[in-house]
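J.: Provided herewith is a single structure, encoded as structure tokens, for subsequent inquiry.
Every number here is computed from the coordinates shown, using simple stated rules; none is lab data. Note that the coordinates shown come from a computational prediction; the quantities given were computed from them, not determined experimentally. Counting neighbours? That spans all protein chains shown, and the Cβs are built from the backbone with ideal geometry, glycine included.
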Amino acid sequence: MNQVRCAIYCRKSVEKGLEMEFNTLDAQREAAEAYIESQKANGWVCLPEHYDDGGFSGGNLNRPALQKLLADCEAGKIDVIVVYKIDRLSCSLCDFADLSRSFEKWNVAFVSVTQEINTHTSAGRMMLNILMTFAQFEREMISSRIKDKMSATRKKGKWVGGQIPFGYKVENKKLVIDPEKAEIVRRIFRRYLEIQSPMSISRELREDGIIGSGGGPMDKEYVLRILNNYTYVGKVLYDGEVYDGEHEGIIDEETWDTVHRFLQENNPRPDRLLDQPSEAALAGLIRCGHCHGAMVPIRVKRHDRLYHYYRCLRNMKASTDCPIKSVRANEIEDIVIEHMKSMVQAPEVIFGISKLTGLTSRDIFSAFKERFWLELTPIEKQRLMQLLVERITINEDGVEIEYRTNDIPSVKEAYSEEESD
């Protein structure tokens, strides 16, 4: 029987407690050694090398012991990597996906002791990828909630941090006017009313030795940013909407309105309705099965209503005989969501999640019923699609969906696109 060389990888995010005689790293290694011992009949042997990262985050791969482990895998010294839990190796879906590809290339298996995941089996590979996907999704949902809180704060006109606008300073977490710099802001607006030339204004400022925030020059783009910054009129611009700010403006509204009327007249921009929608859930994933090129999100205005589509990019750039041309965004997105529902509620997936989490199959099945999908915001749906879906191909006779998770077969769905609205 050939020996199966097993390397144990252990990690702890913080250094606190590592000075103890028996610490978390020791506990992880002990559990892994016991698992390897249980596989002794299959030829498993534990390598003496310790691959321990104490005080390193799992959010990236810049860890000394992990890099040594990967080098030894590439050199053919290791057959199986054993960890206590999968998040000991990586907390990032993208990083873990990269690691998985490397392990496959090097013919190295991966085992999680407490979660009974073994990439020797197709079921183990599928469950591993699904769990990592939803772990990543959960972290991004938390991030989304934080952004929502910041959004509510912005809508109340509060300053939430970041680069301090030129002409202001921060006191007690609020923007207050810096009198000396505020006068420069007023000068910029006043001169624009007089000469309407951002280039000439920037040249005058440089000649007078005036520099912007961070010590950079006040070039033409800098001047335009100041002229278009709602902060200077006591407002807050957030997500395309303008709200009253709690800070004092430097410019009066009459000056602001006049400047922006001139800006619009000097830089007319036609109402092109082919801009990408802000929430295109399948952007970057959807392709034309006929032209084999990307399909990009667009919006078209008809009778004072906006319609969202994914349109074949090659057909947009040049008139072609592409039979697909475009598909309605809401219809194709609904198809993807419905198949994601079916995939997550597949019996083998429910059973695997139950085994790993300790929850009953009934609880898990209920958690992913209609209420879960209804409560997702458009942004959360977009993130979930981007995490689970690898590619969507629109063919003349249907739709093909390829998932990022291994061993989930691609899905083909009949789909017809009507040209009329």
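J.: From Cα pairs below 8 angstrom and at least 6 apart in sequence, can you work out the relative contact order of the stretch 67-114, rounded to a whole percent?
T.: Once divided by the residue count of the stretch 67-114, the mean separation gives 52 percent.
J.: Taking the Cα-to-Cβ direction at Lys77 and at Val170 and moving 7 Å from each Cα, how far apart do the two end points lie in nm?
T.: Placing both labels 7 Å along Cα→Cβ, they lie 4.7 nm apart.
J.: Then there is this: List every residue whose amide H lies under 5 Å from the amide H of Leu18, counting only residues 5 or more places away in sequence or on a different chain, with H placed 1.01 Å from N in the peptide plane.
T.: So Leu18 has HN proximity to no qualifying residue.
J.: I've got another one for you. Give me the one-decimal nm value for the distance between modelled label points at Asn395 and Glu19, 7 Å along each residue's Cα-to-Cβ direction.
T.: Taking the simple label geometry, Asn395 and Glu19 are separated by 6.5 nm.
J.: Once you have a ≥ b ≥ c as the square roots of the Cα gyration tensor eigenvalues for the stretch 168-266, tell me rounded if a/c is under 1.5, and otherwise prolate or oblate according to whether a/b is larger than b/c.
T.: oblate
J.: Taking 30 Å as R0, compute the FRET efficiency from the Cβ-Cβ separation of Ile211 and Ser57 and round it to 0.05.
T.: Values: r = 37 Å, r/R0 = 1.25.
According to the calculation, E is roughly 0.20.
J.: Each residue of the stretch 4-20 in turn: what ³J(HN,Hα) in whole Hz from Karplus with 6.51, -1.76, 1.60 and θ = phi - 60°, glycine and Pro shown as x?
T.: 10, 7, 10, 10, 9, 10, 10, 8, 9, 5, 10, 7, 4, x, 5, 6, 5
J.: Let me ask something additional. Set the Förster distance to 41 Å, then compute FRET efficiency between Arg101 and Arg299 from the Cβ-Cβ distance, nearest 0.05. Present the calculation step by step, with values, prior to reporting the outcome.
T.: Details: r = 37 Å, r/R0 = 0.89.
Efficiency at R0 = 41 Å is approximately 0.65.
J.: Can you give me the C-alpha center-to-center distance between the stretch 50-76 and the stretch 325-341, rounded to a whole angstrom?
T.: Spelled out, the Cα-based centre of one part sits 41 Å from the other.
J.: Related question: Suppose the chain between Val242 and Arg261 were pulled fully straight at 0.36 nm per residue; how much longer would it get relative to their current alpha carbon spacing?
T.: 5.1 nm
J.: Something else about it: I need the shape label for the stretch 1-126. Rule: rounded when a/c is under 1.5, else prolate if a/b > b/c, else oblate, with a, b, c from the alpha carbon gyration tensor.
T.: Cα axes put the stretch 1-126 in the oblate bin.
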